[in-house]
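> Quick one: structure below, then a few questions.
The values are calculated or read from the model by the stated rules, or taken from the named source; none is laboratory data. All of these numbers come straight from a predicted model, not from anything done at the bench. Neighbour counts run over all protein chains shown; Cβ positions are idealised from the backbone, glycine included.
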Amino acid sequence: MTEKVIFAPTKQHAQQALLQLKRYAQTHQENAKVKKVIGVLKRNFDLLLTHYDHPEMSPYNNVLVGISIS
């Protein structure tokens, strides 16, 4: 599910995918891994979407930055 957020075809699709992932997380609150992933995405969401504003950047670079920041 996280790849739908990070590698969405547009920024709007990424935002919609994050909302879907948040809904999923609400129904799986007992899962610590889901909570952690949602936390990382929420904290770093804008950074993870930088490649939409700067097409010369690779989305993979943003994932690495997001992981190292979290």
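> Restricting to the range 1-45, name every residue that is β-branched (V, I, T), closer than 19 Å to P59 by Cα and either in a helix (DSSP H, G or I) or within 10 Å of the chain's Cα centre (by Cα) (or both).
T2, V5, I6, V37, I38, V40 - these are the residues of the range 1-45 that are β-branched (V, I, T), closer than 19 Å to P59 by Cα and either in a helix (DSSP H, G or I) or within 10 Å of the chain's Cα centre (by Cα) (or both).
> Return the total of residues in the range 50-69 being modelled with pLDDT under 80 and either aromatic (F, W, Y) or outside any helix (DSSP H, G or I) (or both).
4
> From A14, A8, which residue is in contact (Cβ under 8 Å) with a residue 24 or more places away in the chain, on the phi < 0 side of the Ramachandran plot and among the small types (G, A, S)?
A14
> Please determine whether any residue of the range 23-34 is surrounded by 14 or more Cβ atoms within 10 Å (Cβ to Cβ) and under 14 Å from M1 (Cα atoms).
Yes, some residue in the range 23-34 is surrounded by 14 or more Cβ atoms within 10 Å (Cβ to Cβ) and under 14 Å from M1 (Cα atoms).
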